Amino acid sequence: MYEKEQAKAEILIEAIPYIRRFAGETVVIKYGGSAMVDERLKRSVIKDVAMLKYLGLNPIIVHGGGKEITATLDRMGKETVFVDGLRVTDQETAGVAEMVLSGSIGKSLVENLESVGIRACGINGKDGHTLMARKKIDSKGRDLGFVGEIESVDPTLIDTLIGAGFVPVISPVGVDAFSQTYNVNADYAASSIAGALNAQKLVFMTDVEGILRDKDDPRSIIRRMNAREAVELIADGTIKGGMIPKVECCLDAIGKGVKSVHVLDGRLPHSILLEIFTAEGIGTMLTPEVRNVK
């Protein structure tokens, strides 16, 4: 008669050691993929972030918005050009990217968090010079316009918001010493922010189950690996294609001192809670060279 309620109680009991361990710790969530466009998944993410906050963790959201930027440029009649996956960004495109990321997307996330009782504040990397950037030149020496790479992170404003009880919602827009705006890759923005804050966890929400041994077989998911194993799997071709830059970003975060990085399927409702507060998790967890517990 009470089987359903008992199952819920068991889930809560399983979460106790993780709640105790991670209370007060910082979790950076790189929010992107289908979870940004599917309304049901959006609500799930917001509730997960709210639960993290209520359980005593310090969640931070770093969000992308490439699809929305492209859609806005299309409505303006402006062609979007990509070079090896990077958006060629002229002055006008940089302004549109900032407007979409810091305006419609960032403010919407803040409103959604406030609707479930969580105080939130949207900023971008220009605020407080949080993300200092420089022009990015790609591996072939090509100038992509106002595409930036992060030089440094000043966490002062983020720390201030967390200290005041807010969830920071950060748009990946950077600035240089001459006040030039740059569009920054959201994955590397999240990695740099997590490193600067000495985060316990960095969570990448994607549209795949995790890191797979066989990209065509979801059952081949690798639940845990350390940094050395990840490098070896890239070298031997197990990790390939579009997953390589994602794993390289995970390694970047580990190198900056993040305790663990998680790649999980944002198409699964409540994937954040399932990954952090259950023994098995639902994605891939990457740790430093010394394999540690969750």
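How much length would be gained if the chain were fully extended between A71 and E5, taking 0.36 nm per residue of separation minus their Cα-Cα distance, in nm to one decimal?
19.3 nm
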3J(HN,Hα) from dihedral phi, region 57-64, Karplus parametrisation 6.51/-1.76/1.60, rounded to Hz, x for glycine, proline:
8, 10, x, 10, 9, 10, 10, x
When you count, for each residue, the other Cβ atoms within 10 Å and take the mean per peptide, how do 137-148, 113-124 rank with the highest first?
113-124, 137-148
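State, to one decimal in nm², a quarter of the convex hull surface area for the C-alpha atoms of region 45-142, i.e. the direction-averaged projected area.
8.0
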For the chain, which DSSP H helices look membrane-span-like by this rule: Cα extent along the axis of 20 Å or more and mean Kyte-Doolittle of at least -1.0?
3-22, 39-54
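Quick check for region 67-165: number of Lys pairs with alpha-carbon distance under 20 Å, counting only pairs 8 or more apart or on different chains? Display every interim value, and only then the final one.
Details: K67/K78; K67/K107; K107/K126; K126/K135; K126/K136.
Qualifying lysine pairs in region 67-165: 5.
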Shape metrics for region 23-287, restricted to C-alpha atoms - Rg then Dmax, Å:
17.5, 49
Once both label points are put 7 Å beyond Cα along the C-beta direction, the K215-I13 separation in nm becomes 4.3
Provide the packing ranking of 199-209, 267-277, i.e. peptides ordered by the mean count of other C-beta atoms within 10 Å per residue, highest first.
199-209, 267-277
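Bear in mind that the values in this text are calculations on the coordinates, not laboratory data. Source: prediction; values computed, not measured. Cβ coordinates were reconstructed from backbone atoms using ideal geometry, including for glycine residues, and neighbour counts include every protein chain displayed.
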